[in-house]
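*Asks:* Can you read through this structure? Questions will come right after.
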Amino acid sequence: MKICSTLGTPPTDWEEGYQLATKRRIDFPKVTPTPLQEIIPSASTDAIDLLYKMLQFDPNKRPTANQCLQHPFFTADI
């Protein structure tokens, strides 16, 4: 519930997740996400963008570690 209250209800196109939830008799709560900017107001735009990408429900849509390291959060000039 805590994850869904932050990220919202998983997208319906995440078939593998919904199939597993059905097998386990789990119903995802229907909730709207809480913007990460509200949870971490001091985070930069790049940090928020990277977090959203890394927190995808579908693991196939998450970036690899190498892709994360190429993100502007790590590559932008300080």
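*Asks:* Among the residues of region 6-16, which ones are under 20 Å from THR34 (Cβ atoms), assigned to a helix (DSSP H, G or I) and either open to solvent by 40 Å² or more (accessible area, probe 1.4 Å) or touching a Pro at 6+ places or on another chain (Cβ under 6 Å) (or both)?
*Replies:* Of everything in region 6-16, just one residue is under 20 Å from THR34 (Cβ atoms), assigned to a helix (DSSP H, G or I) and either open to solvent by 40 Å² or more (accessible area, probe 1.4 Å) or touching a Pro at 6+ places or on another chain (Cβ under 6 Å) (or both), namely LEU7.
*Asks:* From the list ASP27, ASP46, which residue is surrounded by 12 or more Cβ atoms within 10 Å (Cβ to Cβ) and either modelled with pLDDT under 95 or under 16 Å from the mean Cα position of the chain (by Cα) (or both)?
*Replies:* Values: ASP27 fails: surrounded by 12 or more Cβ atoms within 10 Å (Cβ to Cβ).
Only one candidate qualifies: ASP46.
*Asks:* Pairs under 8 Å by beta carbon, first residue without any contact (Cβ under 8 Å) to a residue 12 or more places away in the chain in region 1-30, partner surrounded by 14 or more Cβ atoms within 10 Å (Cβ to Cβ), six or more apart or different chains?
*Replies:* THR12/TYR18; TYR18/PRO10; TYR18/PHE28; ALA21/PHE28; ASP27/ALA21
*Asks:* If PHE57 meets every condition in (1) within 13 Å of the chain's Cα centre (by Cα); (2) part of a loop (DSSP other than H, G, I, E, B); (3) exposed (fewer than 11 other Cβ atoms within 10 Å of the Cβ) apart from one, which number is that one?
*Replies:* (3)
*Asks:* Residue check: is ILE26 not hydroxyl-bearing (Ser, Thr, Tyr) and not in a helix (DSSP H, G or I)? Give the steps one after another, and end with the answer.
*Replies:* Values: not hydroxyl-bearing (Ser, Thr, Tyr): yes; not in a helix (DSSP H, G or I): yes.
Taking the combined requirement at face value, the residue satisfies it.
The values are calculated or read from the model by the stated rules, or taken from the named source; none is laboratory data. On a predicted model such as this, the values are computed, not experimentally measured, just so you know. Cβ sites come from the backbone with ideal geometry, for glycine too, and all protein chains shown count toward neighbours. Side chains are part of the model used for accessible areas, which takes the heavy atoms of the whole protein and leaves out ligands, DNA and RNA. Shrake-Rupley method; radii C 1.70, N 1.55, O 1.52, S 1.80 Å.
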